[in-house]
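Okay, so here's the structure we're looking at.
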Protein chains: 2
Amino acid sequence: MEYLTETEANCRAREVLDRVGDKWSMVVLYNLSTGTHRFTELRRAIPGISQRMLTVTLRGLERDGLVSRTVHPVIPPHVDYDLTPLGCTLREIVGALVGWAHQHLDEIDQARTAYDRV
Amino acid sequence: MEYLTETEANCRAREVLDRVGDKWSMVVLYNLSTGTHRFTELRRAIPGISQRMLTVTLRGLERDGLVSRTVHPVIPPHVDYDLTPLGCTLREIVGALVGWAHQHLDEIDQARTAYDRV
DNA sequence: CCTTCATGGTTCCTTCTAGTAACTAAGGCA
DNA sequence: TGCCTTAGTTACTAGAAGGAACCATGAAGG
């Protein structure tokens, strides 16, 4: 792995993590990485997210060019969300993070329990 | 890339992102991925982080077993922070994320500008 | 001898953000 | 008539993030 200079890396890291490092963006991106989803599908798929935060998160991702929003003008409303090509370039990283979580959550839980015992 | 079931993946994703998906954890992990650092080194290396948030973030990462804290009982205080073996397993992913940021920030900025013009 | 500096924090207070609940439009259906 | 649906918005509240000031301890400077 090639390391950037400290200053450069931190500036970059801070900027990107301001965008995708919030509580919900990664989870939304992960869900969209499997294909097109509607608003309510995402809401049901992501336990704990509120309607408002899903809206806010999707708008942010749309603004950053990671997610596209397609409105079908019908009643009741029908809106599709997709990854843009730029969003697709994040797919592997998001997948890796979720995979890491899957592998190591038990260890984290153990560490946490041990820490709290002291 | 192997996908998990939706429910499973989302639960896992949520849990890990509750741990490393906050505003500062990833940046701190990235800085520690280059080796041992002292408290004040980290503070200077990470522009914008407050003393308090650095303390809180490091404690959280220590609690989760990702970072180790070594106190040298001297005056003035000397405390070293390192990645644990568990923390090291995140190194590649964090590096990939920062690398991605480095490559694509310009595109994000363009998308953002375009979105705001409308 | 008194002041100042360095380090790694803590405490208090304010601001900001995330989350909750209620409301909306507009047509379909019983 | 009145309730269902989807994709939001709005107003309010609780909790987290951030800023400024303070602390202990010894060493160094004048």
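Can you give the FRET efficiency to the nearest 0.05 for B:TYR115 and A:ALA114, using r as the Cβ-Cβ distance and R₀ = 35 Å? Using R0 = 35 Å, I get an efficiency of 0.15. Over the C-alpha atoms of segment A:6-117, the Rg to Rh ratio, Rh being the Kirkwood estimate, stands at 1.05. Between copies, the label points of A:VAL118, set 7 Å from Cα on the Cα→Cβ line, lie 5.2 nm apart, reported in increasing order to one decimal in nanometres.
A short reminder: the numbers here are calculations on the coordinates, not readings from a lab. Keep in mind the model is a prediction, meaning the values are calculated, not measured. Note that each Cβ is placed from the backbone with ideal geometry, even for glycine, and that neighbours are counted across all protein chains shown.
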